[in-house]
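> Supplied in structure tokens, the structure appears directly below.
The values are calculated or read from the model by the stated rules, or taken from the named source; none is laboratory data. All values derive from a computational prediction rather than experimental measurement. Note that each Cβ is placed from the backbone with ideal geometry, even for glycine, and that neighbours are counted across all protein chains shown.
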Amino acid sequence: MCGIIGITGDGEAVEILLEGLARLEYRGYDSAGLVLGSPDGLWRARAATGTRSLGDLRKQAEGAPGACAGVAHTRWATHGHPTEHNAHPHLDCSGAVAVVHNGIVENGQELRRRLAAAGHRLASDTDSEVLAHLVEEELAAAGAGDPGGDTPGGAAIGAGGGVTTGGEAIGAGSPGGVTTGGAAGGAAAGSVLAGALRRALAQVRGSYAVVVQWAGDPERLVAARRVSPLVLGLSAGGAALVASDVPALLGRAERFWVLDDDQGAELVPGAVSCFGTAGEPVAPRALAVTWDLEQAQKGGFADFMSKEIAEQPQAVADTFLGRLRADGTAGLDEVRIGEDALRAVDKVAVVACGSSYHAGLVAKLAIEHWARLPVEVDIASEFRYRDPVLDERTLVVGISQSGETVDTLQAVRHGRGLGARTLVICNVVDSSMAREADGVLYTRAGPEIGVAATKTHLAQLAALDVLALHLAQVRGALGGPDAGRLLAALGRVPDLVAEAVARAGAVLEVADRLRSARDVFFLGRHVGYPVALEGALKLKEISYVRAEAYPAGELKHGPIALIEPGAAVVAVATRTPLWEKLMANVEEVRSRGATVVLVANDGDDETASLADAVLWVPPTEPLLAPMVDVVPLQQLAYGVARAKGLDVDRPRNLAKTVTVE
Ligand code: AGP
């Protein structure tokens with residue numbers, strides 16, 4: 001998740017770009033950069049100093065030439081270290097094409113190889129840079145490669161606004177018009193730059209929000225999107241703007257539009273025109289914006305936690321991107337631990353804390369069942385003090401969204417010190433853990449602002465499922481129809497998560513019933529137990545209600561003594577092989593007067609008959625179910641905390657990253 005902003009038609013372009021980046025830092029901040037376009041060519045500045053990047057960029061921009069058009073980018077690295085040479089904007093070989101990109105070019109390595117073989121000089125390690133070189137190729141193919149040449153034909157921009165290519169301008173007399181859909185099948189609209197970008201993107205697999213600027217037509221910006229968002233704006237003064245999200249345009253634009261997937265836009269001073277994949281004019285969706293800046297940064301959500309819960313389908317889908325292959329295998333190209341090394345592994349030792357530890361418990365079940373590899377899972381702060389038996393045949397897997405949790409970092413170091421191979425599952429490129437491990441499998445959840453882990457937890461579960469499948473396939477423990485069935489089921493998980501996320505309203509009603517609970521017991525069996533642990537952690541850390549999770553079979557060994565009339569029990573009762581045993585435990589607590597909330601699969605009336613309230617979720621493969629079943633428990637905790645008027649983003653006593661032991 002990165003932040004993009006572009007503007008044309010305002011002499012204060014550099015200030016608007018910098019302010020826009022500041023407003024988009026919640027989308028990423030490990031580096032930042034901008035390009036300004038003027039008749040003298042493109043001028044670029046970049047900085048990769050973490051949270052200081054924007055300040056350093058502002059200092060560089062003091063030397064910028066005057067310009068009324070430019071693009072800027074604040075980065076959350078997914079490919080390539082967060083260094084200056086990987087910071088956007090990226091340029092083509094000639095320095096005449098500048099690109100900013102948010103998304104993942106799934107075939108980025110393949111395109112890099114093809115471009116390098118064709119003589120292109122790629123200056124970064126990123127997938128995004130290929131877009132600049134592809135546009136360069138397409139401009140050259142259109143005979144427009146030399147920016148010193150005439151700006152070729154294309155959109156003749158009507159003076160005073162509106163665009164004359166293909167669509168009729170709305171309110172052409174007003175400052176700035178946006179073309180409508182124009183005659184269906186009208187002639188392909190757009191400039192040579194728009195055509196070049198369209199043809200470049202036709203070679204790309206993956207997700208993108210991209211804006212390109214060309215020295216041959218410096219006051220024109222061309223944008224396009226697939227999956228990653230882009231909004232458009234027009235200011236009262238006739239400036240045309242494009243950005244990843246509304247916050248960057250607030251107070252600048254007075255009219256807003258949203259680009260849909262596979263739509264693009266051309267921005268010139270005073271006008272915006274939109275086109276489809278074939279260049280045909282299209283009408284973007286108008287957006288009524290009533291938010292203030294803080295609301296806009298939360299995307300209109302009340303807080304970051306609810307926004308990040310809503311982002312979970314995309315976080316899971318992005319984490320799967322390029323790793324669930326069409327040939328039925330789970331691929332981990334970027335992990336840097338070869339298949340032979342993985343085949344030599346005879347034990348996996350997982351170390352993590354908090355929600356990451358709960359993800360590790362699910363991974364144990366998946367790796368042992370699919371790959372037939374023994375897995376130990378340790379709370380990281382305990383791991384190295386138990387004198388673990390490790391050697392060069394052990395794979396230590398550290399799970400940490402921040403990549404900075406000292407307990408986990410020290411545990412990974414301990415494993416490495418005993419000769420084990422180390423692999424980390426991490427959400428922050430080049431974090432301490434990512435730098436020190438032998439291999440890294442990045443989650444792609446984007447920055448998580450809320451202290452309570454939500455989308456990063458689901459992204460960890462997704463990444464660990466891919467790792468488990470990869471281990472199983474590499475070791476010949478799983479193949480053929482079973483692997484195909486699991487990969488297909490994984491591919492459906494983002495939609496199932498989206499279904500669960502959409503049911504927040506019903507969950508909030510249940511939350512209201514728990515708001516005065518003093519103690520809440522969470523129960524689960526098998527994969528349901530880590531889900532119960534995560535539900536209990538969410539509830540206690542944001543609503544301050546005492547909540548404990550137990551393996552349901554453990555109740556009779558002590559905890560059931562705590563069950564009395566009115567006790568609140570939440571059980572994960574989705575259909576796993578242990579469902580019947582779990583339901584027997586539910587009967588035990590019901591018979592002692594407990595109020596029971598059950599997480600149940602859609603349509604499972606038998607389970608619902610034993611519940612005082614049901615949190616419905618769509619069914620999936622049992623080992624994949626945690627990604628879906630945990631969602632209502634996140635929402636339950638959120639609802640109780642909100643009902644108590646608590647700050648869900650910044651709960652008391654907690655920090656987002658625990659960098660002390
Ligand atoms: C989870 O909601 C908490 N924020 C906390 O338990 C967290 O999961 C834990 O501190 C581990 O953080 P990490 O994933 O960054 O290592």
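> Looking at (1) in contact with a strand residue (DSSP E or B) (Cβ under 7 Å, 6 or more places away or on another chain); (2) under 17 Å from Val630 (Cβ atoms), find the lone condition where Ala611 falls short.
(2)
> Taking Val351 as meeting all but one of (1) out of contact with any Phe, Trp or Tyr (no Cβ under 6 Å at 6 or more places or on another chain); (2) modelled with pLDDT of 95 or more; (3) within 14 Å of the ligand (Cβ to nearest atom), write down the number of the exception.
Condition (1) is where Val351 drops out.
> OK, next. If you scan segment 350-382, which residues turn out to be assigned to a strand (DSSP E or B) and either touching a residue at least 40 places away in the same chain (Cβ under 8 Å) or in contact with a strand residue (DSSP E or B) (Cβ under 7 Å, 6 or more places away or on another chain) (or both)?
Correct list: Val350, Val351, Ala352, Val375, Glu376, Val377, Asp378.
> Looking at segment 540-549, can you tell me whether even one residue there is away from the ligand (no atom under 16 Å from the Cβ) and at negative phi?
Among the residues of segment 540-549, at least one is away from the ligand (no atom under 16 Å from the Cβ) and at negative phi, which makes the answer yes.
> I need every pair where a residue in segment 457-476 that is in contact (Cβ under 8 Å) with a residue 60 or more places away in the chain and polar (S, T, N, Q) has its Cβ under 7 Å from the Cβ of a residue that is assigned to a helix (DSSP H, G or I) and surrounded by 23 or more Cβ atoms within 10 Å (Cβ to Cβ), sequence separation at least 6 or different chains.
Close Cβ pairs satisfying both conditions: Gln460/Ser356; Gln460/Ala359.
> Now a separate question. Which residues, taken from segment 52-89, are in a loop (DSSP other than H, G, I, E, B) and within 22 Å of the chain's Cα centre (by Cα)?
Trp76, Ala77, Thr78, His79, Gly80, His81, Pro82, Thr83, Ala87, His88, Pro89
> Being surrounded by fewer than 24 Cβ atoms within 10 Å (Cβ to Cβ) and polar (S, T, N, Q) is the filter; apply it to segment 1-59 and report the residue that is modelled with the lowest pLDDT.
If we take residues in segment 1-59 being surrounded by fewer than 24 Cβ atoms within 10 Å (Cβ to Cβ) and polar (S, T, N, Q), then Thr51 is modelled with the lowest pLDDT.
> A further question follows. The conditions are (1) within 28 Å of Ala366 (Cβ to Cβ); (2) within 16 Å of the ligand (Cβ to nearest atom), and Val648 fails exactly one of them. Which is it?
(1)
> Restricting to segment 237-250, name every residue that is farther than 21 Å from Leu193 by Cα and either within 27 Å of the chain's Cα centre (by Cα) or acidic (Asp, Glu) (or both).
Hits for segment 237-250 are Asp245, Val246, Pro247, Ala248, Leu249, Leu250.
> Applying the selection to segment 115-129, what residues are within 22 Å of the chain's Cα centre (by Cα) and part of a helix (DSSP H, G or I)?
Matches in segment 115-129: Glu129 only.
> Just checking, does segment 419-436 include any residue being of a type in the set (Asp, Glu), under 21 Å from Leu623 (Cβ atoms) and more than 14 Å from the ligand (Cβ to nearest atom)?
Within segment 419-436, not a single residue is of a type in the set (Asp, Glu), under 21 Å from Leu623 (Cβ atoms) and more than 14 Å from the ligand (Cβ to nearest atom).
Matching residues to (1) within 20 Å of Ala459 (Cα to Cα); (2) in contact with a Lys or Arg (Cβ under 6 Å, 6 or more places away or on another chain); (3) more than 16 Å from the ligand (Cβ to nearest atom); (4) among the charged types (D, E, K, R):
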site	(1), (2), (3), (4)
Asp318	yes, yes, yes, yes
Leu324	yes, no, yes, no
Leu332	yes, no, yes, no
Leu342	no, no, yes, no
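> Looking only at segment 267-291, count every residue that is farther than 25 Å from Ala196 by Cβ, of a type in the set (A, V, I, L, M) and in a strand (DSSP E or B) and tell me the total.
2
> Let me ask something else. Select from segment 265-278 the residues that are in contact (Cβ under 8 Å) with a residue 24 or more places away in the chain and either closer than 26 Å to Gln297 by Cβ or surrounded by fewer than 20 Cβ atoms within 10 Å (Cβ to Cβ) (or both) and list them in ascending order.
Ala265, Leu267, Pro269, Val272, Cys274, Thr277, Ala278
> Quick one: which helices (runs of 4 or more DSSP H) sit completely within segment 478-546 and have at least 3 residues that are of a type in the set (A, V, I, L, M, F, W, C) and closer than 14 Å to Val630 by Cβ?
Passing ranges, in order: 480-501, 528-543.
> State the number of residues belonging to segment 383-418 that are more than 9 Å from the ligand (Cβ to nearest atom) and assigned to a strand (DSSP E or B).
Selection size over segment 383-418: 4.
> If a residue must be surrounded by fewer than 17 Cβ atoms within 10 Å (Cβ to Cβ), assigned to a helix (DSSP H, G or I) and at pLDDT below 90, how many such residues does segment 302-346 contain?
Looking only at that region, the number is 2.
> Something else about it: Out of curiosity, is Tyr442 within 14 Å of the ligand (Cβ to nearest atom) and more than 27 Å from Arg525 (Cβ to Cβ)?
Spelling it out, Tyr442 is indeed within 14 Å of the ligand (Cβ to nearest atom) and more than 27 Å from Arg525 (Cβ to Cβ).
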